[in-house]
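First the structure, in the form of structure tokens, and then the observations on it.
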Amino acid sequence: GENVGLHLPTLSVQEGDNSIINCAYSNSASDYFIWYKQESGKGPQFIIDIRSNMDKRQGQRVTVLLNKTVKHLSLQIAATQPGDSAVYFCAESQYSTLTFGKGTMLLVSP
Amino acid sequence: DAGITQSPRHKVTETGTPVTLRCHQTENHRYMYWYRQDPGHGLRLIHYSYGVKDTDKGEVSDGYSVSRSKTEDFLLTLESATSSQTSVYFCAINLGGAYEQYFGPGTRLTVT
């Protein structure tokens, strides 16, 4: 929604750069992790997911890395474009519910 | 948008009044969720439903109730709205996979 970017950590990159957004999760029993993108005034949009028995998964221009030892998740966006500007949330799942992180704002300048 | 609509999209109401938000899906999915989103807090789960008449509480359920009398509709009710319930409310559905949730466009609620 609007104003969701207030008080968030911000990553500023140039168009064409690679972006890395990080997330620390809390529950070592979580079995599934998801990244969402949220543009201003819209609902969160699914990007990519990864199961806890994997350490890497690739999509189109995006890669998610999972390090269970330190409970860390990252989203890598290759060749970042202005349309990638948004707030990015990680979420962890146990059973049928998700717990979201507080988000990171990505700003891409031309 | 995975067939999810929310109504109303915007609402302004006064403290102490009841408010009901509606989430409607056309996909016949079992799981439906209500979240609120506030600056600095991200998305927090209020209530969810795993079938008709089957609901459970989330992280921030106090002051909210829900009902699901048919598969396609999940209603969120604020019995007596307070200013702390000013927020953007999102509904989500689970598209059959255990974990992927798809979100509606949101309802901006302002309690004056």
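The values are calculated or read from the model by the stated rules, or taken from the named source; none is laboratory data. A quick note: this is a predicted structure, and the numbers were derived from the prediction, not measured. As a convention, Cβ positions derive from the backbone with ideal geometry for all residues, glycine included, and neighbour counts pool all protein chains shown. For accessibility, only protein heavy atoms count, side chains too; no ligands or nucleic acids. Shrake-Rupley method; radii C 1.70, N 1.55, O 1.52, S 1.80 Å.
In region B:22-58, what residues drop by 50 Å² or more of accessible area when the other protein chains are put back, versus the chain on its own? Use 1.4 Å, and skip ligands and nucleic acids.
Going by heavy-atom accessible area, the residues of region B:22-58 that drop by at least 50 Å² are B:Gln37, B:Pro39, B:Gly40, B:Leu43.
With +1 on each Lys and Arg Cβ and -1 on each Asp and Glu Cβ, and nothing else charged, work out how big the dipole of the protein assembly as shown is about its Cα centre, in Debye to the nearest 20.
The calculated dipole for the protein assembly as shown is roughly 160 debye.
Using a 1.4 Å probe on the protein heavy atoms, what percent of the accessible area of region A:10-109 belongs to carbon and sulfur?
Details: 2180 of 4830 Å².
After summing per-atom areas, the C and S share lands at 45 percent.
Taking only the alpha carbons of chain A, what extent do you get along each of the three principal axes, in Å, biggest first?
40, 26, 21
Kindly work out what percent of the DSSP beta bridges joining two residues of region A:10-109 are antiparallel, to the nearest 5. Mind showing how you got there, number by number?
Values: 35 of 40 bridges.
Approximately 90 percent, going by the DSSP bridge assignments.
Once R0 is set to 41 Å, what does the formula 1/(1 + (r/R0)^6) return for the Cβ-Cβ distance between A:Ser96 and A:Gln60, expressed as a FRET efficiency to the nearest 0.05?
Numbers: r = 27 Å, r/R0 = 0.67.
Efficiency, from the Cβ-Cβ distance: 0.90.
Just to confirm, what accessible area per residue do you get for the protein assembly as shown at 1.4 Å probe, in whole Å²? All intermediate terms of the calculation are to be shown ahead of the outcome.
Working: 10510 Å² over 222 residues.
On a per-residue basis, 47 Å².
Let's test the formula: R0 of 41 Å, r as the Cβ-Cβ distance of A:Ser52 and B:Asp56. What FRET efficiency results, to the nearest 0.05? Can you show the working numbers first?
Working: r = 23 Å, r/R0 = 0.56.
Once the sixth-power term is evaluated, E becomes 0.95.
Considering chain B, what Rg and Dmax in Å follow from its alpha-carbon atoms?
Here Rg and the maximum Cα pair distance are 13.0, 39 Å.
Note the full-extension length gain between A:Ala24 and A:Val70 as 0.36 nm times their separation in residues minus their Cα-Cα distance, in nm to one decimal. Don't jump to the answer; show the numbers that get you there.
Details: separation 46, 0.36 × 46 = 16.56 nm, distance 0.82 nm.
Gain in length upon complete extension: 15.7 nm.
Using the alpha carbon gyration tensor of the protein assembly as shown, what are the three equivalent-ellipsoid semi-axes (square root of 5 times each eigenvalue), largest first, in whole Å? Could the numbers behind the result be given before it?
On the way: eigenvalues 176, 82, 46 Å².
Values for the protein assembly as shown, descending: 30, 20, 15 Å.
Quick one: Cα centre-to-centre distance for region B:1-72 and region A:41-110, in angstrom?
The distance from the Cα centre of region B:1-72 to that of region A:41-110 comes to 24 Å.
Report the label-to-label distance for B:Thr86 and B:Thr112 in nanometres (one decimal), using points 7 Å from each Cα along the Cα→Cβ vector.
1.1 nm
Just to be sure I understand: if you take the accessible area of chain B alone plus chain A alone and subtract the pair, with a 1.4 Å probe, what total do you get in Å², rounded to 100? Spell out each step's value before the answer.
Details: alone 5960 and 6440 Å², together 10510 Å².
Interface area, both chains combined: 1900 Å², rounded to the nearest 100.
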